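Asks: Take this structure, written in structure tokens, and hold onto it; I'll ask about it next.
Coordinate-derived values only; no laboratory data. Note that the coordinates shown come from a computational prediction; the quantities given were computed from them, not determined experimentally. Note: ideal-geometry Cβ built from the backbone for every residue, glycine included; neighbour counts use all protein chains shown.
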Amino acid sequence: MGLIKEKYEKTMQVEGEWNIGAYRYKAPEGYLDEFVKNFRDRKIIGTLCTGCGRVYVPPREICARCFQKITEKVEVSQYGEVLAFLVSPPLEKGKVVIAGIDAVQAGFLKEGEQIILAMVRFEGTSSSMVLPLLNAKPEDVRLGMRVKAVWAEECKGALSDLVGVEPAFDVRFK
Amino acid sequence: MKVAVIGYAVSNLEWDAEKTREETVFEVAKSALENAGVSREDVGTVISASTDFLDGRTISNCMLIGGSGAYLKDESKAEEDGMYAALYAAQRLMAGVHDIALAVSHTHSWIFNPHQVSQYMLEPWFDRQNDLINGITLAALQARMYMEKHGVDELDLAEVCVKNLRNAAKVPYALRKLHDITVEEILESEMFSDPLTELMIAPPCDGAAAVVLASENVAEEICENPVWIKGIGNSCDNYLRDRDLAKLNSLEIAARKAYRMAGIEEPFREIDVAEITERFAHQELMAYEALSFCREGKGRVLIEEEMTEVYGDMPVNPSGGALAGDPICATGMIRLIEAAKQIRGEAENQVDGCRTALAHAQWGLCAQKNLVFILGDEP
């Protein structure tokens, strides 16, 4: 702890940190583990609410609308729709960590490249996921465009297996 | 039981304020009580609002007892916007337990940048794994969705900023006072996250606000011009991934509840002025629609036709709104105070013949939770 600077007559500043250590977040059984395990087979699993028929991806354990527990699981399509997107500032190494790995170091994003983040709703689901949109130029992205999931070359059953999404069709805009 | 606002105070909004957190709260609490013409002894209950994360200490109201005047009193804290503190205070008065309540709210953003922690509002399993997702990028995604759905472009967002920042030029405590700002300057300011530029994002700053509320009999007895709370509506939506981000459903429901309680059937005609919390420029347009000032998708028309200017048919944010200065937890309470000032005829950008005013506060990512107050000049 130390005094930083004497800028004002009436107040001074005391440096302080709040090091509260690591948290351990709990996820219900069959929620995160099963979702991620199925990534090994390149499958996306969602939960189906029997009250309203809505499918949630990533899985939700409780349906807020029906106020009931969700137990059913269904596989959902690899294809989806872009609900919204944004273009990030140029990337720096060591600055962007997605799903626990440095995207630049892992090689699927280049240093100095701009990354497009897309809010994707997979076919037949009622929720959305924010994923990187790969293999597309910012000027070619349109809302509502069809995209499909991109998987890592070797899927190990980790969250980083789902690298992002890419345009499902080669459409050229004029 | 009716409840009225009988006093208020707002501190200066600035970045890196010279006063400490406790001093700022003491200043506003004291001047709000003076403004109401009551002393600390008359106050029955004190509610404060701030967030522990931004204060850098937990149960942060413990250190604030001296400043807020809550010493040995019935005290509680809302970990939310200040308008929720006003809501709890009003509910305590309505229950008939107390006669006078003081609600204070404050945030010193300089202590810890709020955008730095917006990531920790995300759910930890999926969304927090992605470094690029935070409060601003999510708002940009929301803006993009809304703009695409209703054919709104960046110019319309810039128009909102121009209106609010020009209005703020007259407000003495505001942070961003830009009386000659133009649409081009807004669009050319630094791009934070496409389509949101620096001036389209509410600037976090240091500040505090306080209001004094009183129950029906006391308000009529001690105050010459009490401002009556006529309607209250509160609603909370789903987590951002499971809802339609392009529409503020929870605000629409909150507004409908408040209108019903206040007996308002045609909001556009019956409400004279609205003070809303727009953390990002596009949220003001979305709020026009959710508050039923226009049909869905027509928020753009109100701003293009200058209807929401101070001289327009439906003035919105004559104080400059959150874009003029955003002391996170005090922002909503300042909207409530500005709405009360309009009814009392004390506002800097006074709307002529103002008798009914609306105040709105939001909380959460992409305006997940919304609270609406309707104020009037008679009970």
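Asks: Taking N as the number of residues in region B:236-379, what value does Rg over Cα atoms divided by 2.2 N^0.38 Å take?
Replies: Here the Cα radius of gyration is 0.96 times the empirical estimate.
Asks: Then there's this: Placing unit charges on C-beta atoms (Lys and Arg positive, Asp and Glu negative, everything else neutral), compute the dipole magnitude of the protein assembly as shown about its Cα centre in debye, rounded to 20.
Replies: With Lys and Arg at +1 and Asp and Glu at -1, about 1700 debye.
Asks: Give me the angle, in degrees from 0 to 90, between the Cα long axis of helix B:281-290 and the longest principal axis of the Cα atoms of chain B, rounded to the nearest 10.
Replies: Between the helix axis and the principal axis of chain B, the angle is about 70 degrees.
Asks: Can you give me the P(r) profile for the protein assembly as shown? Cα pairs, bins 20 angstrom wide beginning at 0, each as a whole percent.
Replies: All Cα pairs, binned at 20 Å, distribute as 21, 51, 26, 2 percent.
Asks: Dipole size in debye (nearest 20) for region B:22-68 around its Cα centre, Lys and Arg Cβ +1, Asp and Glu Cβ -1?
Replies: Rounded to the nearest 20 debye, it is 80 debye.
Asks: Under 14 Å from a point 7 Å along the Cα-to-Cβ line of A:Q114: which residues of region A:140-170 have their amide N that close?
Replies: Within reach of a label on A:Q114: A:140-142.
Asks: A further question follows. Give the residue from B:M261, A:V150, B:F26 lying farthest towards the positive end of the charge dipole for the protein assembly as shown; charges sit on Cβ (+1 for Lys and Arg, -1 for Asp and Glu) and the dipole is referred to the Cα centre.
Replies: Of the candidates, A:V150 comes out farthest on the positive side.
Asks: A follow-up question, please. Report the rotationally averaged projected area of chain B based on its alpha-carbon convex hull, in square nanometres.
Replies: Working: hull surface 67.5 nm².
Its Cα hull, projected and averaged over all orientations, spans 16.9 nm².
Asks: Let me ask something else about it. When the chain is fully extended, how far beyond the present Cα-Cα distance does B:N217 get from B:R128, taking 0.36 nm per residue of separation? Walk me through the numbers before you get to the answer.
Replies: Working: separation 89, 0.36 × 89 = 32.04 nm, distance 5.08 nm.
Contour length minus Cα-Cα distance gives 27.0 nm.
Asks: Also, quick follow-up: So in the protein assembly as shown, which Cys have no other cysteine's beta-carbon sitting under 4.7 angstrom from theirs?
Replies: A:C52, A:C155, B:C62, B:C161, B:C205, B:C223, B:C236, B:C294, B:C329, B:C354, B:C366, each lacking another Cys Cβ under 4.7 Å.
Asks: Another one. Under a GNM of chain B (C-alpha, springs under 10 Å), which listed residue has the highest mean-square fluctuation: B:V117, B:V152, B:V351?
Replies: The residue that fluctuates most here is B:V117.
Asks: A further question follows. Give the value in nm², to one decimal: projected area of the alpha carbon convex hull of region B:155-250, averaged over all directions.
Replies: Mean projected area for region B:155-250: 9.8 nm², to one decimal.
Asks: Full-extension gain between A:E72 and A:E166, please, as 0.36 nm times their residue separation minus the C-alpha to C-alpha distance.
Replies: Once the chain is fully extended between A:E72 and A:E166, it gains 31.0 nm.
Asks: What does the highest-first list of B:86-92, B:324-330 look like by mean Cβ count within 10 Å?
Replies: B:324-330, B:86-92
Asks: Right, next: If I take every Cα pair under 8 Å that is 6 or more residues apart in chain B, average their sequence separation and divide by the length, what percent do I get for the relative contact order?
Replies: 24 percent
Asks: Go through region A:13-66 and name the chymotrypsin sites (Phe, Trp or Tyr not before Pro) that are in a DSSP coil and have 14 or fewer other Cβ atoms within 10 Å of their Cβ.
Replies: Sparse-neighbourhood loop chymotrypsin sites (Phe, Trp or Tyr not before Pro): A:W18, A:Y23, A:Y25.
Asks: Oh, and also: Past the 26 Å Cα-Cα mark, which pairs from B:K163/B:K341; A:K10/B:K30; B:K19/B:K177; A:K137/B:K247; B:K163/B:K298?
Replies: Result: A:K137/B:K247 exceed 26 Å.
Asks: Related question: So what is the calculated 222 nm ellipticity per residue for chain B, using -39500 (n - 2.57) for each DSSP H run with n of 4 or more, over all residues, to the nearest 500 deg cm²/dmol?
Replies: -10000 deg cm²/dmol
Asks: Ignore the peptide's own chain and count Cβ atoms of other chains within 10 Å of each Cβ in B:237-245; give me the average, rounded.
Replies: 5
Asks: Using DSSP to define loop residues, name the trypsin sites (Lys or Arg not before Pro) in region B:227-336 whose beta-carbon has at most 14 other beta-carbon atoms within 10 Å.
Replies: Within region B:227-336, the qualifying trypsin sites (Lys or Arg not before Pro) (loop, at most 14 other Cβ atoms within 10 Å) are B:R295, B:K298.
Asks: I would also like to ask the following. Under 5 Å between amide hydrogens, which residues at least 5 positions from B:A49 or on another chain qualify, with H placed 1.01 Å from N in the peptide plane?
Replies: Residues meeting the amide H criterion: B:A78, B:V104, B:S105, B:H106.
Asks: On to the next question. Report D for region B:13-103 in µm² per second (integer): Stokes-Einstein, Kirkwood Rh on Cα pairs, 4 °C, 1.567 mPa s.
Replies: 96 µm²/s
Asks: Charges on Cβ only, +1 for Lys and Arg, -1 for Asp and Glu, centred on the Cα centroid of region B:71-149; of B:A78, B:L93, B:M147, which one is farthest towards the dipole's positive end?
Replies: With unit charges placed on the Cβ atoms, the residue in question is B:M147.
Asks: Which of the listed residues, B:F126, B:M191, B:A158, is farthest toward the dipole's positive end in region B:120-195, when Lys, Arg count +1 and Asp, Glu count -1 at the beta-carbon?
Replies: Checking the options against the dipole of region B:120-195, the answer is B:A158.
Asks: Estimate the FRET efficiency between B:W15 and B:L155 by the formula 1/(1 + (r/R0)^6), using the beta-carbon distance for r and 30 Å for R0, to the nearest 0.05. The partial results should precede the final answer.
Replies: Values: r = 28 Å, r/R0 = 0.95.
That pair, B:W15 with B:L155, gives E of 0.60.
Asks: Enter the angle in degrees (range 0 to 90, nearest 10) between the Cα long axis of helix B:135-150 and the first principal axis of the Cα atoms of chain B, meaning the one along which they spread out most.
Replies: Between helix and principal axis, roughly 60 degrees.
Asks: Over region A:112-152, calculate the relative contact order: mean separation of alpha carbon pairs under 8 Å at least 6 apart, over the residue count, as a percent.
Replies: Normalised by residue count, the contact order of region A:112-152 is 31 percent.
Asks: Relative contact order of region B:336-379, please, whole-number percent, based on alpha carbon pairs below 8 angstrom and at least 6 residues apart.
Replies: Values: 55 pairs, mean separation 16.6, N = 44.
Rounded, it is 38 percent for region B:336-379.
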